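Report on one structure; see the data block that follows.
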Amino acid sequence: MASFSTYLTHDLRERPAEPDQASIFVPAVADFPRDYALVALTFPLCSTNRITTEWLKNRSDTAPENCYCGICVLDPFLKWNEFVPLLRASGFKGICNFPPLPDFEEEEQRALVASYYTFENELDRIREFASIEFDILVVCSNEEKLTKARNQLGSVTVKYCLLDDITVLERS
């Protein structure tokens, strides 16, 4: 996989250090210690989409270039008809499946499939965003999912990164 430098941020004023570096905007990252933020956000410890929605409603910052808004795309409580205009008003041109659906053991996986929570459904939802002209960054938890994502989203223009390749910036 080509090297793609990505970092998590809770501050839209932070700018990438390198021209091709991308950021994933997740305001909830501020709620966790830096060393644990990436792992903590992949568990349902808070509603990252609710925090992001509130942030977008109450701020006037504009997303910089190459910044993707992290969205838990399978969130059944997110009101998409309200959320998408907030993204556009904040200048977001891209979205990212962050936090991504975690990896589960076989028993939990079967239960999640029955509730529509699958990686394939997450990718289908991402494809919908591409169809309404958002740039897409797909976060994959492992190489197997990366291959699945590339196969399923073959014709869609997408950037990919592995969860382990995402950095959480030092807080200023």
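The values are calculated or read from the model by the stated rules, or taken from the named source; none is laboratory data. All values derive from a computational prediction rather than experimental measurement. Here the Cβ positions follow ideal geometry from the backbone for every residue, glycine too, while neighbour counts run over all protein chains shown.
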For residues that are in a loop (DSSP other than H, G, I, E, B) and out of contact with any helix residue (DSSP H, G or I) (no Cβ under 7 Å at 6 or more places or on another chain), scanning just segment 133-156, find the one that is surrounded by the most Cβ atoms within 10 Å (Cβ to Cβ). 134
Residues of segment 15-46 being among the small types (Gly, Ala, Ser), modelled with pLDDT of 70 or more and not in a strand (DSSP E or B), in sequence order, are 28, 30
Across segment 76-107, which residue is modelled with the highest pLDDT among those that are farther than 24 Å from residue 167 by Cβ and of a type in the set (Phe, Trp, Tyr)? 83
State yes or no: is residue 73 part of a loop (DSSP other than H, G, I, E, B), at pLDDT below 90, surrounded by 16 or more Cβ atoms within 10 Å (Cβ to Cβ) and among the β-branched types (Val, Ile, Thr)? yes
When segment 1-14 is examined, which residues are found to be at pLDDT 70 or above and surrounded by 14 or more Cβ atoms within 10 Å (Cβ to Cβ)? 5, 6, 7, 8, 9, 10, 11, 12, 14
List the pairs whose first member sits in segment 119-146 and is more than 23 Å from residue 91 (Cβ to Cβ), whose second member is of a type in the set (Lys, Arg), and whose Cβ atoms are under 6 Å apart, counting only residues at least 6 apart or on separate chains? 119/145
